[in-house]
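Student: Okay, handing you the structure first.
The values are calculated or read from the model by the stated rules, or taken from the named source; none is laboratory data. Computed from a predicted structure; not experimentally measured. Neighbour counts are summed over all protein chains in view; Cβ atoms, including those assigned to glycine, are modelled from backbone coordinates with ideal geometry. With ligands, DNA and RNA removed, areas are computed over all heavy atoms of the protein, side chains included. Shrake-Rupley method; radii C 1.70, N 1.55, O 1.52, S 1.80 Å.
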Amino acid sequence: MLIPHDTRIALDTVVDLVNTAPDGDAAEVTPDALADISALDAFVRDHRISGVEQLGVRDLRAVLDVRKRFADVFAAPDAPTAAALINRLVAGAGTTPQLTDHDGYDWHVHYFAPGASVADHLAADCGMALAFIVVAGEQERLRRCEAPDCGRAFVDLSRNRSRRYCDSRTCGNRLHVAAYRARRKEAAAG
């Protein structure tokens, strides 16, 4: 699947945003990584989100709402449901597509309107990246880690759509090692 650099960056950003949510299902509760304005500011800087000025409480609340709505897209059971969710996100952001080249990036498209809030910026650019996945008939690539103690979001960009685990917690390695040890123990006992 050929994905332009701006779409790939937006996909990485939406995954990172969704994964900032607190995880109450894990054995150890993961706290909200966007608990305050300074955490949001760090997220904006870490992801090099352009055109964002001073952040406030309103921005934080709006980004948390967008994060929840993106999580709903990852949980969508089918493409029509995902499309409806994405359409509402993108329409609400007031998209204004424009070609730009800045900060060392080659030509790419920004979908947010000039002067947009950080929440609208994320909803527009990341929403369009998710839209391209759905348009390509690849909605099933929007996944959650299958490790029993994880559940983090990721976009499966493997050639054969076979990825089951996220990269962030070495989930796949842990489970493969555990399965290997269980097989060895069973073989030794038998």
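Student: Say we look at the range 32-71 and pick out the residues that are of a type in the set (V, I, T) and farther than 15 Å from H121 by Cβ; which of these is surrounded by the most Cβ atoms within 10 Å (Cβ to Cβ)?
Tutor: Selected residue: I37.
Student: Same structure again: Inspect the range 6-18 for any residue being open to solvent by less than 40 Å² (accessible area, probe 1.4 Å), within 15 Å of the chain's Cα centre (by Cα) and of a type in the set (S, T, Y) and give the result as yes or no.
Tutor: Yes.
Student: Can you say whether T13 is in contact with a His (Cβ under 7 Å, 6 or more places away or on another chain) and either within 20 Å of R152 (Cα to Cα) or assigned to a loop (DSSP other than H, G, I, E, B) (or both), as far as the supplied structure shows?
Tutor: Spelling it out, T13 is indeed in contact with a His (Cβ under 7 Å, 6 or more places away or on another chain) and either within 20 Å of R152 (Cα to Cα) or assigned to a loop (DSSP other than H, G, I, E, B) (or both).
Student: Please find, within the range 109-126, the residue that is modelled with the highest pLDDT out of those that are outside any helix (DSSP H, G or I) and hydrophobic (A, V, I, L, M, F, W, C).
Tutor: A116
Student: Could you tell me which numbered condition A71 fails, if it satisfies all but one of (1) closer than 23 Å to L157 by Cα; (2) assigned to a loop (DSSP other than H, G, I, E, B); (3) in contact (Cβ under 8 Å) with a residue 40 or more places away in the chain?
Tutor: Evaluating A71 over (1) closer than 23 Å to L157 by Cα; (2) assigned to a loop (DSSP other than H, G, I, E, B); (3) in contact (Cβ under 8 Å) with a residue 40 or more places away in the chain leaves (2) as the failure.
Student: Among the residues in the range 89-105, are any open to solvent by 60 Å² or more (accessible area, probe 1.4 Å), of a type in the set (D, E) and either farther than 30 Å from P31 by Cβ or in a loop (DSSP other than H, G, I, E, B) (or both)?
Tutor: Taking every residue of the range 89-105 in turn, at least one turns out to be open to solvent by 60 Å² or more (accessible area, probe 1.4 Å), of a type in the set (D, E) and either farther than 30 Å from P31 by Cβ or in a loop (DSSP other than H, G, I, E, B) (or both).
Student: Out of curiosity, is A153 under 19 Å from N19 (Cα atoms) and in contact with a Ser or Thr (Cβ under 8 Å, 6 or more places away or on another chain)?
Tutor: For A153, the condition - under 19 Å from N19 (Cα atoms) and in contact with a Ser or Thr (Cβ under 8 Å, 6 or more places away or on another chain) - is not met.
Student: Looking at A113, A119, A147, which is the one that is out of contact with any Pro (no Cβ under 8 Å at 6 or more places or on another chain) and either under 19 Å from R45 (Cβ atoms) or of a type in the set (S, T, Y) (or both)?
Tutor: Going through A113, A119, A147 in turn, just one is out of contact with any Pro (no Cβ under 8 Å at 6 or more places or on another chain) and either under 19 Å from R45 (Cβ atoms) or of a type in the set (S, T, Y) (or both): A119.
Residue-wise test of (1) more than 30 Å from E53 (Cβ to Cβ); (2) touching a strand residue (DSSP E or B) at 6+ places or on another chain (Cβ under 8 Å); (3) open to solvent by less than 10 Å² (accessible area, probe 1.4 Å).
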residue: H110; (1), (2), (3): no, yes, no
residue: G137; (1), (2), (3): yes, no, no
residue: R143; (1), (2), (3): yes, yes, no
residue: R159; (1), (2), (3): yes, no, no
